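Below is one structure, written out as structure tokens; comments come after it.
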2 protein chains.
Amino acid sequence: MMNVDLNSWLLFRNAEQSYGAVEIVTQRDAQSQHRYTYGDFANRVRKLITALDDLGLSEHGHVATMAWNSFEHLECYFAIPCSSRVLHTVNARLSFEDIVYILNDADDEALIVPADLTETAERLKVRCPKLRHIIVFGDDASAIPASMLSYEALLNGAEPFSGDRNISENAPFGICYTSGTTGRPKGVLATHRSTYLHTLTVCAGNGPALSASECIMPIVPMFHVYAWGLPFGAIAAGSKIVFPTPSFDPRIVIHLINQEGVTKAAGVPTIWIAVLDELHRSSERLDGLKELLCGGSQPPYAMIRSYLEEYDVRLLQAWGMTETSPIATTTRLPHALLNATVESQVDYVAKAGVPVTGIAATLLDDDHQAVPHDGSSMGDIYVRGPWVLDSYMGGHGKESFEVEGWFRTGDVGVMHPSGVIELVDRTKDLIKSGGEWISSVALEGALMGHPKILEAAVIAVPDTRWQERPLATVVPKPDEVITLEEVQTYLLDLGFPKWQLPDRVEIIDEVPRTSVGKFDKKALRARFSPEA
Amino acid sequence: MMNVDLNSWLLFRNAEQSYGAVEIVTQRDAQSQHRYTYGDFANRVRKLITALDDLGLSEHGHVATMAWNSFEHLECYFAIPCSSRVLHTVNARLSFEDIVYILNDADDEALIVPADLTETAERLKVRCPKLRHIIVFGDDASAIPASMLSYEALLNGAEPFSGDRNISENAPFGICYTSGTTGRPKGVLATHRSTYLHTLTVCAGNGPALSASECIMPIVPMFHVYAWGLPFGAIAAGSKIVFPTPSFDPRIVIHLINQEGVTKAAGVPTIWIAVLDELHRSSERLDGLKELLCGGSQPPYAMIRSYLEEYDVRLLQAWGMTETSPIATTTRLPHALLNATVESQVDYVAKAGVPVTGIAATLLDDDHQAVPHDGSSMGDIYVRGPWVLDSYMGGHGKESFEVEGWFRTGDVGVMHPSGVIELVDRTKDLIKSGGEWISSVALEGALMGHPKILEAAVIAVPDTRWQERPLATVVPKPDEVITLEEVQTYLLDLGFPKWQLPDRVEIIDEVPRTSVGKFDKKALRARFSPEA
């Protein structure tokens, strides 16, 4: 068989020849929209390749983007790797100091930003001496400081690169840093091969199943694990793409879904909770939408059920992390459950699912011995596969690779006899009470099904008798009041044992979030359990 | 990223751990059915690996199967490559002399057959001295000659192989021979890597999109290019599998679709013509069926339309050949056509479509210069990609590889400005009339839409004035009579120019078929145009 490298050109190539008329829509803000075709996109990618070459960057030089979801960012997603350079997507919501650390740690030679981040970029330039160029998106030349380059001017001055470039499949493709909930962010270097293979997972039937028939709206940010790889999958498969506004607005999301014929949309559970809330308020429908792609944290049962029963929209949950590119498992409903009760279907989708083709998963105990697949024994989840990390950049975090050939994910779970994995918690969020473990995730998932509760996050607080006990922080729905007793009775009725019930409920205005939209339990612990 | 070989173990592994309860159904004949689970399948595959090891076959020894679609054949599909040996699927419908040639040419060490082929196997043993073992499927020990081994006895005597085996992704995986419509059959050697990557195409949204939610019925034989790779895709994705009877019966196919909840079924157009005919006769429905996967030759427009309008069943056409593993292009409907007219949708699906991710296609003229993508200029179709052949076994057929890095497919087509490829004909079936080319495929597709015509095949006959002229061989529907004039008027009304109309119509009882079910034009030419 032909010796063809699995690289970004294989993902990009058909976009030009086969999908030229497919649309890419960017909703810039509530009023303004940008719209062009794959043909336009491909031509601008080729111009950007030339422009990057002309800037004199190193052969595998690192080029950072710190940007919202947009067609320009998508152009960078392809032009940087296709030029043989390395795409480093930087999370714009991290602290300034973390961004400084990341740009320096990654040895980035250039930084690409939208116009609203030029001021941050200016300050970064001072602190990151290896940055040779800052390039700014946008037509408004007056918004671009003299010390920076205009992205549009670079493209205008460049001829489209012709032909393609031979890139080994083992060459570096991209860098993402972990969100760093413990310690410094750590760099994860993807190769062309790992990205190509992960992209096929994005297009696989058990994955998001992108195809030419789909219109995908990635709400998950492109600075967060490549928006779960959806932009690569969409371009490879010829899906129509719709980018919503940088600042999330459920009304705009609903409008775009109906206006553009979005068939699949992707975001963390809190996004879908807010959209559901808006749907209930507005009586809008979601006519063409078939599937929500959900990841990052446990989606509440009640929400999954509402979408399915009220809107005929299925949820596909995926589990993974930056270190797994990110998709490791999904919850594609088995054929045997197609005609099952709504309860059975929701129950299946709410777990972490089974590994996608290419990924192996196993549960090990602290002594690295296999944990039985009995649906109740907990173990650390380890994974392996061609798009799973084998070391962090700079050799950090060696403790994740102590078991030869496997990556320790830091998540704790059980495996059911059927092979379905159920997450119990992040190792560090488990609550240890009287020698037994309590899952904060299970409590939160249940609490968010309570009719008076919008959101809930559960943390451990130290306890002299039991070592740790659960505390529930709760955001009630507007005009609702909820008591500790109501919370406990509700959980008891759902079958939680008495010793797992929270002893305290704290009412809060909103759950604090990390830079990637997950519940920030570090912040909650600092507030409610400072002594922990 | 981890250095994990893309091999058969990655396709097999999740079948055990994640899909243990999924069913595999084999309809042996009208009365008897075999049914077991992925768990049973995986355990028997592991036993077969041990049994193959114990037979003392070489490390990468070639093991032939000559068998119908069945669970045992599926076990061989995985056990042979997972044991590091090479799966050689032999077409049982070839002539005896061709089979002798193929087994000897491939240096096969063992041959696995069902009980009804033991007599042929006995005769093959005499002519193929390198065959060390013949293994026979089935529980009936009395049906197995003493000179042969019982497949079931081998499994009963073997412990399941534990763990997995390190196999390089570049190791040989399987052998298929081309059907040899010109000259001797030629061997195509697939690697573990090419098979893995093609399997992801079988699971891709733009491909057959197999997933855990699907139930697939491969009617295409497993001795024909690995049944288009569907068995590998199904096992990798956890799809329920239903094998129909070895001898095709449209009533059994319809019954199984409804009984087992088949969502996708795969076969050549003649299969679907016969099923449609039976549906019209019986007034049966196809309730769970979503998609027909069709390949091998041009499906008639009228048939595609009937399935869509009357049964809400979409057709996905794929184009490819043994040398492309086989899927190279597909006709996944673009999002922009989801709400288009039935005519537009059928028109899209009836062409060859666009290359799947990983495959590049181009049109070249006789001087190897690019042909414009204008929808009318014809050229030879060349393809490249990681599951495209770079040489035949034994170095035969070098003329297919004259353009560096590309495989010449032997099909002639046009490319539309949209990138869609439309097949005109096999190079050797094109009709050259007065210096212009006439497509036999286009005439056949049109004729099979005539209300009085069941099937039609068009061939060239020599002509002193025009060099060649088209002759239409036609199978009328029961009790129908059709004349040359009716044929000509019908084609004129459809817009065919006068010079392309057939000058002769021959009424025949059935279109002769090749061993893989395609129209056998060699046989038609021998009958109606012996002087050609």
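Yes or no: A:Leu256 under 22 Å from A:Val22 (Cα atoms) and within 14 Å of another protein chain (Cβ to nearest Cβ)?
Details: under 22 Å from A:Val22 (Cα atoms): yes; within 14 Å of another protein chain (Cβ to nearest Cβ): no.
For A:Leu256, the condition - under 22 Å from A:Val22 (Cα atoms) and within 14 Å of another protein chain (Cβ to nearest Cβ) - is not met.
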Segments classed as strands (runs of 3 or more DSSP E), wholly inside segment B:301-384, with at least 3 members that are open to solvent by 30 Å² or more (accessible area, probe 1.4 Å) and at the interface with chain A (Cβ under 9 Å from one of its Cβ atoms): none
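Of all the residues that make up segment A:411-428, how many are out of contact with any strand residue (DSSP E or B) (no Cβ under 7 Å at 6 or more places or on another chain) and modelled with pLDDT of 85 or more? Steps first, please.
Initially, segment A:411-428 is screened for residues out of contact with any strand residue (DSSP E or B) (no Cβ under 7 Å at 6 or more places or on another chain), giving A:417-418, A:428.
Filter again for modelled with pLDDT of 85 or more, leaving A:417-418.
The number of residues fulfilling the criteria is 2.
Table: residues versus (1) under 30 Å from A:His335 (Cα atoms); (2) within 22 Å of the chain's Cα centre (by Cα).
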site	(1), (2)
B:Arg46	yes, no
B:Leu55	no, no
B:Glu59	no, no
B:Ile99	no, yes
B:Asp107	no, no
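Of the residues A:Asp479, A:Asp509, which is in contact with a strand residue (DSSP E or B) (Cβ under 8 Å, 6 or more places away or on another chain) and assigned to a loop (DSSP other than H, G, I, E, B)?
Numbers: A:Asp479 fails: in contact with a strand residue (DSSP E or B) (Cβ under 8 Å, 6 or more places away or on another chain).
The match here is A:Asp509.
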Segment B:393-414, subset part of a loop (DSSP other than H, G, I, E, B) and within 12 Å of another protein chain (Cβ to nearest Cβ), residue least open to solvent (accessible area, probe 1.4 Å): B:Gly405
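Any residue at all in segment A:160-181 that is in contact (Cβ under 8 Å) with a residue 60 or more places away in the chain, of a type in the set (D, E, K, R), open to solvent by 20 Å² or more (accessible area, probe 1.4 Å) and not in a helix (DSSP H, G or I)? Walk me through how you get there before you give the answer.
Of segment A:160-181, the ones in contact (Cβ under 8 Å) with a residue 60 or more places away in the chain are A:160-162, A:164-169, A:171-181.
Pick out the ones that are also of a type in the set (D, E, K, R) and you get A:164-165, A:169.
Next cut, open to solvent by 20 Å² or more (accessible area, probe 1.4 Å) only: A:164-165.
Then drop every residue that is not not in a helix (DSSP H, G or I), which leaves A:164-165.
The answer is yes; a qualifying residue exists.
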Selection from segment B:213-229 of residues that are out of contact with any Leu (no Cβ under 7 Å at 6 or more places or on another chain) and either small (Gly, Ala, Ser) or within 12 Å of chain A (Cβ to nearest Cβ) (or both): B:Glu214, B:Cys215, B:Ala227, B:Gly229
Checklist (1) open to solvent by less than 10 Å² (accessible area, probe 1.4 Å); (2) more than 14 Å from chain B (Cβ to nearest Cβ) applied to A:Phe248, failing item: (1)
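Would you confirm whether or not segment A:192-206 contains a residue that is in a loop (DSSP other than H, G, I, E, B) and not basic (Lys, Arg)? Lay out the reasoning, then the answer.
Step one: of segment A:192-206, the residues in a loop (DSSP other than H, G, I, E, B) are A:205-206.
Adding the requirement that they be not basic (Lys, Arg) leaves A:205-206.
Looking for residues that are in a loop (DSSP other than H, G, I, E, B) and not basic (Lys, Arg), one finds at least one in segment A:192-206, hence yes.
Can you tell me which residues in segment B:479-489 are closer than 9 Å to B:Lys452 by Cβ and surrounded by 12 or more Cβ atoms within 10 Å (Cβ to Cβ)? First the steps, then the outcome.
Narrowing segment B:479-489 to residues closer than 9 Å to B:Lys452 by Cβ: B:480-482, B:486.
The answer is B:Glu480, B:Ile482, B:Glu486.
For every residue, the table says whether it meets (1) assigned by TED's automatic domain parsing to the domain that holds A:Asp98; (2) under 19 Å from A:Ala79 (Cβ atoms); (3) without any contact (Cβ under 8 Å) to a residue 60 or more places away in the chain.
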residue: A:Glu109; (1), (2), (3): yes, yes, yes
residue: A:Thr118; (1), (2), (3): yes, no, yes
residue: A:Leu124; (1), (2), (3): yes, no, yes
residue: A:Pro129; (1), (2), (3): yes, no, yes
residue: A:Asp139; (1), (2), (3): yes, yes, yes
residue: A:Ala146; (1), (2), (3): yes, no, yes
residue: A:Ser150; (1), (2), (3): yes, yes, yes
residue: A:Leu154; (1), (2), (3): yes, yes, no
residue: A:Gly157; (1), (2), (3): yes, yes, no
Any hit, segment B:460-470, residues being more than 14 Å from chain A (Cβ to nearest Cβ) and within 24 Å of the chain's Cα centre (by Cα): no
Whichever residue in segment A:415-449 is open to solvent by less than 30 Å² (accessible area, probe 1.4 Å), within 14 Å of chain B (Cβ to nearest Cβ) and not small (Gly, Ala, Ser) and, among such residues, is farthest from the chain's Cα centre (by Cα): A:Met415
Cβ pairs under 6 Å, 6+ apart, first in segment A:200-212 and within 7 Å of chain B (Cβ to nearest Cβ) and crowded, with 24+ Cβ neighbours inside 10 Å, second of a type in the set (Lys, Arg) and not in a strand (DSSP E or B): A:Asn206/A:Arg332; A:Ser211/B:Arg332; A:Ala212/B:Arg332
Test set (1) open to solvent by less than 30 Å² (accessible area, probe 1.4 Å); (2) in contact with a Ser or Thr (Cβ under 8 Å, 6 or more places away or on another chain); (3) hydrophobic (A, V, I, L, M, F, W, C) - A:Val475 fails condition number: (2)
Near pairs, Cβ below 7 angstrom, 6+ apart or cross-chain, from segment B:418-445 (in contact (Cβ under 8 Å) with a residue 60 or more places away in the chain and among the acidic types (Asp, Glu)) to any residue that is surrounded by fewer than 21 Cβ atoms within 10 Å (Cβ to Cβ) and assigned to a loop (DSSP other than H, G, I, E, B): B:Glu422/B:Lys351; B:Glu422/B:His416
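The values are calculated or read from the model by the stated rules, or taken from the named source; none is laboratory data. All figures in this text were calculated on a predicted structure; none of them were measured in a lab. Counting neighbours? That spans all protein chains shown, and the Cβs are built from the backbone with ideal geometry, glycine included. Only protein heavy atoms, including side chains, enter the accessible area calculation; ligands, DNA and RNA are left aside. Shrake-Rupley method; radii C 1.70, N 1.55, O 1.52, S 1.80 Å.
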